[in-house]
Amino acid sequence: MKILVVGGGGREHAVIRKLKENPKAEQIFALPGNGGIARDATCVPIGAKDIPAIVDFALREKIDYAVVTPDDPLVLGCVDALEEKGIPCFGPRANAAIIEGSKVFAKGLMKKYGIPTARFETFDRLEDALRYLETAPLPTVIKADGLALGKGVLIAQTRQEARQAVIDMMQGGKFGKSGEHVVIEEFLEGPEVSVLAFTDGKTIVPMVSSMDHKRALDGDQGLNTGGMGTVAPNPYYTPDVAEACMERIFLPTVAAMNAEGRPFKGCLYFGLMLTRDGPKVIEYNCRFGDPETQVVLPLLESDLLEIMQAVTEERLSEVPVRFSEKNACCVILASRGYPQAYEKGYPLQIPEEIRDRVYVAGAALKDGQLVTAGGRVVGCTAVADTLPQAIEEAYRLADHVHFENRFYRRDIGARALLAVREG
Ligand code: AMP
Ligand code: GLY
């Protein structure tokens with residue numbers, strides 16, 4: 001089989017490694033991939049958003065199966081375009097990817113179908129948003145409607161901060177079209193859990209839970225990033241919580257999307273907060289999370305290609321989806337300055353013995369040498385019997401990967417460890 005994977009980050013590296021375990025995956029192309037992925041797949045310099053070029057390539061190469069993982073191409077209709085040409089795909093069509101593409105849509109869906117989430121109001125006129133903020137409870141959470149690389153969310157502690165945020169979004173064009181509509185919602189508290197789930201629109205099968213570390217600095221300080229590290233499973237996600245989520249959130253979401261005529265097929269990501277009033281949805285993503293995927297897929301014991309094809313063919317209930325009982329930890333090595341400006345182009349040293357144990361996110365090949373090329377550079381993932389062992393081993397891997405402006409959090413997994421100890 002010839003398989004095409006759209007994207008080029010650590011998540012795609014993890015997906016490709018897992019797909020390769022199936023001998024049927026004879027040839028894998030990554031569009032565009034990256035310098036590290038080039039070890040596991042044939043990288044082709046076509047951008048993940050260049051849908052016409054992706055479709056041309058797929059037809060020219062007679063691709064048998066396509067996997068689309070990043071948000072942008074999904075929201076832009078990459079799966080629709082490939083399917084129109086008869087190429088089977090893993091990933092939702094644009095009319096379902098809107099669950100991530102528009103927060104106004106996602107919040108409206110949850111309200112209409114009674115899926116627990118933070119109370120909210122949506123605004124498309126600045127005056128209305130400002131008037132609402134005069135009496136809104138603080139802190140308050142302000143979100144730009146569309147995709148904003150995880151940066152479209154602001155938690156305002158004061159009225160002045162909240163006012164400035166909506167002015168920036170709705171008037172300042174800080175997030176382009178994405179900020180023309182805003183959601184203002186209730187601030188929730190509690191541990192956060194990420195749950196990725198396979199769904200074919202009929203069946204939903206959650207994967208092992210995980211915990212992301214979104215802030216740039218230790219102790220959850222600094223700016224929000226795409227994610228600085230993950231552990232799986234998430235100790236807060238007990239069997240009781242899992243059952244409540246299935247009943248009140250996962251199944252109702254699949255049913256709601258069907259009822260709206262937007263059946264969701266692919267990986268649906270639930271960003272959950274375990275509040276005192278039970279689990280609530282913070283956000284949906286229409287795709288695998290990154291770096292969640294870098295701890296979840298290494299724990300998958302079943303065959304990823306088989307599962308993905310079963311999702312496409314709407315027979316997910318017929319295939320095994322088993323996860324190991326072990327623990328995984330992923331520590332992201334980033335370029336100093338990320339998520340703001342950072343330097344790149346530094347030589348990246350990964351010893352040969354661990355090349356197959358790390359996922360490369362932001363690196364390019366220059367004259368045969370890997371050089372840094374992004375904010376998040378390498379994901380160091382370890383799998384072990386216990387959480388402390390997985391954390392220790394992930395940091396040991398991190399110690400062996402070098403580049404000039406390397407920067408990482410030292411406390412990935414610390415909160416999860418506390419939860420384990422407190423039981
Ligand atoms: P999002 O892009 O929607 O995932 O938001 C980014 C981060 O902001 C989340 O991971 C939460 O930590 C935080 N956040 C978002 N919405 C809320 C909320 N309603 N209450 C508290 N924290 C929130
Ligand atoms: N790590 C969060 C995300 O992928 O959106």
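The values are calculated or read from the model by the stated rules, or taken from the named source; none is laboratory data. These numbers were taken from a predicted model, which means no experiment stands behind them. Positions of Cβ are backbone-derived with ideal geometry, glycine not excepted, and every protein chain shown enters the neighbour counts.
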So which of LYS107, LYS111 ends up being charged (D, E, K, R), without any contact (Cβ under 8 Å) to a residue 24 or more places away in the chain, part of a helix (DSSP H, G or I) and closer than 29 Å to GLY266 by Cβ? LYS111
Could you say whether any residue in segment 281-294 is over 17 Å from the mean Cα position of the chain (by Cα), at pLDDT 95 or above and crowded, with 19+ Cβ neighbours inside 10 Å? no
In segment 22-45, anything assigned to a loop (DSSP other than H, G, I, E, B) and closer than 15 Å to TYR65 by Cβ is listed as ASN22, PRO23, LYS24, ALA25, GLU26, ALA41
Identify all residues within segment 264-283 that are under 14 Å from PRO206 (Cβ atoms) and either in a helix (DSSP H, G or I) or within 13 Å of ligand 2 (Cβ to nearest atom) (or both); write none if there are none. CYS267, LEU268, TYR269, PHE270, GLY271, LEU272
Condition test on GLU306, is it on the phi > 0 side of the Ramachandran plot, surrounded by fewer than 23 Cβ atoms within 10 Å (Cβ to Cβ) and away from ligand 1 (no atom under 16 Å from the Cβ)? no
Would you confirm whether any residue within segment 83-94 is surrounded by 21 or more Cβ atoms within 10 Å (Cβ to Cβ), within 16 Å of ligand 1 (Cβ to nearest atom) and closer than 23 Å to ALA58 by Cβ? no
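Quick check: is even one residue across segment 245-259 in a loop (DSSP other than H, G, I, E, B) and either within 16 Å of ligand 2 (Cβ to nearest atom) or surrounded by 18 or more Cβ atoms within 10 Å (Cβ to Cβ) (or both)? Steps first, please.
Taking segment 245-259 and keeping what is in a loop (DSSP other than H, G, I, E, B), we get none.
For segment 245-259, residues in a loop (DSSP other than H, G, I, E, B) and either within 16 Å of ligand 2 (Cβ to nearest atom) or surrounded by 18 or more Cβ atoms within 10 Å (Cβ to Cβ) (or both): absent.
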Any residue that is modelled with pLDDT of 95 or more and part of a helix (DSSP H, G or I) - is there at least one of those in segment 199-218? yes
Subset of segment 208-252 [farther than 19 Å from ILE155 by Cβ and β-branched (Val, Ile, Thr)]: VAL208, THR230, VAL231, THR238, VAL241, ILE249
Checking the structure you have, find out if any residue of segment 363-379 is in contact with a helix residue (DSSP H, G or I) (Cβ under 7 Å, 6 or more places away or on another chain), among the β-branched types (Val, Ile, Thr), buried (at least 19 other Cβ atoms within 10 Å of the Cβ) and not in a loop (DSSP other than H, G, I, E, B). no
List every residue pair whose Cβ atoms sit under 7 Å apart, with the two residues 6 or more apart in sequence or on different chains, where the first one lies in segment 1-21 and is part of a loop (DSSP other than H, G, I, E, B) and the second, anywhere, is hydroxyl-bearing (Ser, Thr, Tyr) and more than 13 Å from ligand 2 (Cβ to nearest atom). MET1/TYR65
Output for segment 134-164, where each listed residue is more than 16 Å from ligand 2 (Cβ to nearest atom) and farther than 22 Å from LYS280 by Cβ: GLU134, THR135, THR158, ARG159, GLN160, GLU161, ARG163, GLN164
Return a yes/no flag: does segment 217-227 have any residue that is closer than 30 Å to ASP356 by Cα, away from ligand 1 (no atom under 13 Å from the Cβ) and of a type in the set (Asp, Glu). yes
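Look through LEU147, LEU109, LEU138 and report the one residue that is closer than 22 Å to GLU186 by Cα, surrounded by 15 or more Cβ atoms within 10 Å (Cβ to Cβ), more than 18 Å from the chain's Cα centre (by Cα) and among the aliphatic types (A, V, I, L, M). Can you show your working first?
Working: LEU147 fails: more than 18 Å from the chain's Cα centre (by Cα); LEU138 fails: surrounded by 15 or more Cβ atoms within 10 Å (Cβ to Cβ).
LEU109 is the lone residue from the list that is closer than 22 Å to GLU186 by Cα, surrounded by 15 or more Cβ atoms within 10 Å (Cβ to Cβ), more than 18 Å from the chain's Cα centre (by Cα) and among the aliphatic types (A, V, I, L, M).
Quick grid of which residues meet (1) in contact with a strand residue (DSSP E or B) (Cβ under 6 Å, 6 or more places away or on another chain); (2) in contact (Cβ under 8 Å) with a residue 60 or more places away in the chain:
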{"site": "LEU223", "(1), (2)": "yes, yes"}
{"site": "GLY227", "(1), (2)": "yes, yes"}
{"site": "PRO233", "(1), (2)": "no, yes"}
{"site": "PRO239", "(1), (2)": "no, no"}
{"site": "ALA242", "(1), (2)": "no, no"}
Here the residues within segment 64-82 that are surrounded by 19 or more Cβ atoms within 10 Å (Cβ to Cβ), among the small types (Gly, Ala, Ser) and not in a helix (DSSP H, G or I) are ALA66
For segment 152-198, give me the residue count where each residue is buried (at least 21 other Cβ atoms within 10 Å of the Cβ), part of a helix (DSSP H, G or I) and more than 16 Å from ligand 1 (Cβ to nearest atom). 1
Go through (1) over 22 Å from GLU292 (Cα atoms); (2) in contact with a Cys (Cβ under 8 Å, 6 or more places away or on another chain) one by one and return the number of the condition GLY86 breaks. (2)
Just give me the residues in segment 199-222 being surrounded by 17 or more Cβ atoms within 10 Å (Cβ to Cβ), among the hydrophobic types (A, V, I, L, M, F, W, C) and away from ligand 2 (no atom under 16 Å from the Cβ), in sequence order. ILE204, VAL205
